[in-house]
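A short write-up of the structure that comes next.
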Amino acid sequence: MRRLASIGVVLALCAAAPLASPFTLTLLTEALIFGLFAMSLDLMVGYTRLYSFGHAAAYGLGAYATALMLLHFQLPLPLGILAGVALSVVIALPIAWVCTKSTGVSFAMLTLAFAQLGYAMLYRFKDITGGSDGIGGIPRPPGPLGLAVFQGKLGYFYLVVGCLAGSYLLCRMLVASPFGAVLAGIRENDAKMRALGYNTRAYKWAVVVVAYGFGSLAGALYTPFAGFVAPELFFWLVSGRVLIMVIVGGAGTLIGPIIGGVFFLILEHQLSETTELWPLIFGTVFIAFVMLAPEGIWGLVTKYTRATPARADAEAPRAAA
């Protein structure tokens, strides 16, 4: 049922997109990119209980790598995005190896340290990265065989939807596989999994690399969408935002963080247009979710949908009597 509902939502978005205004389409595209970013972090937080305070490094790596690929190698847009993601994954291999040498708070602080290291390096190598100015004028070159459909707002929206849907299916297959079962075991009792003979560090290393891969895909999609990249993409506030998206949407569900990302961005935009006190209101909303609905938006939805048939079954005998 959930899978059918997800397919229905994707089809509805694709059908309604041509009717949306350019501004609405732009906002929705950015929200879906952040939804993909949040889903990538959920592989670590929700399924392995690896809390990262520096997941912005994945986002920033994908964004800057894609920017350099598109500017200096004139690759077609889809190939430039894939090349940026591939380069980010290669860089993520040693980062994940170092981070997984520690656990708990130490792991979280190491991820934060690597993100801040990347932030500092952008200023150090300003001839390549543009320093504090970032890199602007990033094009959306035609796709293979001169395909120009992704150069427009609507075509790029469909590209983001396709990448998000494909990433969700891949992540769903991953967590439903034996590999995902081991991750769940690590989440519940790391010591027990080691006692059973599993090399838990190797599994953690693998899931961190995979999470970086999908996070860098979100950053790679953001680059041609915005047309520029800046050092703020590596900043710790970005990591904090995406962690909030995962918690608000519902950790350990994959689809929940996507919803949380869309909800976060749209709510932030609407509140910032309405009042200057929007950070206070937004913080209150987040506190309310943590205190009253720790299972997140998707957890509330599934709880309601399960409770409704149960109530109907309970009321049926009464009606018959």
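All of the numbers you see were taken from the coordinates with simple rules; none came from a lab. All values derive from a computational prediction rather than experimental measurement. A quick note on method: Cβ atoms are made from the backbone with ideal geometry, for glycine too, and the neighbour counts reach across all protein chains shown.
Work out how much length Ser106 to Tyr304 would gain on full extension: take 0.36 nm times their residue separation and subtract the Cα-Cα distance, in nm to one decimal. All intermediate terms of the calculation are to be shown ahead of the outcome.
On the way: separation 198, 0.36 × 198 = 71.28 nm, distance 3.76 nm.
This chain segment gains 67.5 nm when fully extended.
Based on Cβ point charges of +1 for Lys and Arg and -1 for Asp and Glu, what charge dipole magnitude is obtained for the chain about its Cα centre, in debye rounded to the nearest 20? Write down the numbers at each step before the final one.
Values: 19 positive and 13 negative charges, 180 e Å.
Value, rounded to 20: 860 debye.
Enumerate the residues in the stretch 108-146 having an amide nitrogen under 16 Å from the point lying 7 Å beyond the Cα of Leu79 toward its Cβ.
Taking a point 7 Å out along Cα→Cβ of Leu79, the residues of the stretch 108-146 whose backbone N falls under 16 Å are 140-146.
How do the peptides 50-57, 278-285, 105-112 rank, highest first, by the average count of neighbouring beta carbon atoms within 10 Å per residue? Please report the intermediate quantities before stating the final value.
Numbers: 50-57: 25.4, 278-285: 13.2, 105-112: 17.4.
Result, highest mean first: 50-57, 105-112, 278-285.
Per 10 Å bin, what percent of the C-alpha pairs of the stretch 110-190 does each bin hold, from zero upward?
With a bin width of 10 Å, the distribution comes to 14, 19, 26, 30, 11, 0.
Using the C-alpha atoms of the stretch 24-236, what convex hull volume per residue, in cubic angstrom, is computed?
Numbers: hull volume 24.3 nm³, N = 213.
Convex hull volume per residue, Cα atoms: 114 Å³.
Apply the membrane-span-like helix rule to the chain: whole DSSP H runs, Cα extent along the own long axis of at least 18 Å, mean Kyte-Doolittle hydropathy at least 0.0. List the helices found. Could the numbers behind the result be given before it?
Numbers: long enough: 2-16 (21 Å, 1.59); 22-48 (39 Å, 1.36); 56-72 (24 Å, 1.21); 77-99 (32 Å, 2.32); 104-124 (30 Å, 1.10); 153-176 (34 Å, 1.43); 200-226 (39 Å, 0.84); 236-249 (20 Å, 2.02); 255-274 (29 Å, 1.06); 278-292 (21 Å, 2.23); 296-320 (37 Å, -0.30).
Passing helices, by number: 2-16, 22-48, 56-72, 77-99, 104-124, 153-176, 200-226, 236-249, 255-274, 278-292.
Among all the aspartates and glutamates, which ones have a C-alpha under 13 Å from Lys204's C-alpha, if same-chain residues fewer than 8 places away are not counted?
Answer for Lys204, where 13 Å is the Cα cut-off: Asp190, listed by chain and number.
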